[in-house]
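Student: Sharing a structure with you now.
Just so it is clear, none of the values below were taken in a lab; they were calculated from the coordinates. Small disclaimer: the values here were computed from a predicted structure and weren't measured. Ideal geometry is used to build each Cβ from the backbone, glycine not excepted, and the neighbour counts take in all protein chains shown.
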Amino acid sequence: MAIESINFNNNQVLLPSLMTAGRVQDAQPPILPGAAPMVSFSDFLNESMNNTVAADAGSKAAGIDMLLGGEQDLHSILIAGQKADVLLNLTVQIRNKMVESYQEIMRMQV
């Protein structure tokens with residue numbers, strides 16, 4: 001029985017280097033050899049949400065299949081459920097940080 005890891009595409013965020021004055025030196029982060037192409041933040045969020053929904057649906061389908069007499073083993077169903085739970089918690093935490101950031105920006109005086 002193989003346990004598949006949770007795959008987050010483009011999970012390494014590359015920050016541009018900062019000059020001593022604190023200004024951004026380059027508008028685009030450097031592209032490392034062998035690195036995946038950059039994906040926009042909205043595309044990343046949409047893909048993450050779709051992965052979360054798919055993991056939850058797969059976990060529920062596997063559980064129902066086992067209850068109806070399918071050949072699913074209990075370990076794989078529990079692992080799929082935990083993966084779906086971890087993805088859901090990650091999605092909720094990202095949403096919370098985004099709401100918190102928005103509220104902080106709204107509190108700024110212009």
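Student: How would you rank 57-68, 94-105, highest first, on the average number of other Cβ atoms within 10 Å across their residues?
Tutor: With the highest mean Cβ count within 10 Å placed first, the list reads 57-68, 94-105.
Student: With Cβ to Cβ distances under 15 Å as the rule, what net charge do the other residues near residue 93 carry (K, R +1; D, E -1)?
Tutor: Numbers: positive: 95, 97; negative: 85, 100.
Residues close to residue 93 contribute a combined charge of 0.
Student: If each residue of separation counts as 0.36 nm, what is the full-extension length gain between residue 48 and residue 86 once their alpha-carbon separation is subtracted?
Tutor: 12.5 nm
Student: If you wrap a convex hull around the C-alpha atoms of region 48-110 and split its volume per residue, what is the figure in Å³?
Tutor: About 63 Å³ per residue, rounded to a whole number.
Student: Related question: Any idea how far apart residue 66 and residue 94 come out in nm if each label point goes 7 Å out from Cα toward Cβ?
Tutor: 2.7 nm
Student: Under the 0.36 nm per residue contour assumption, what length would be gained going from the current alpha-carbon distance of residue 102 and residue 76 to full extension?
Tutor: Extra length available between residue 102 and residue 76 comes to 5.5 nm.
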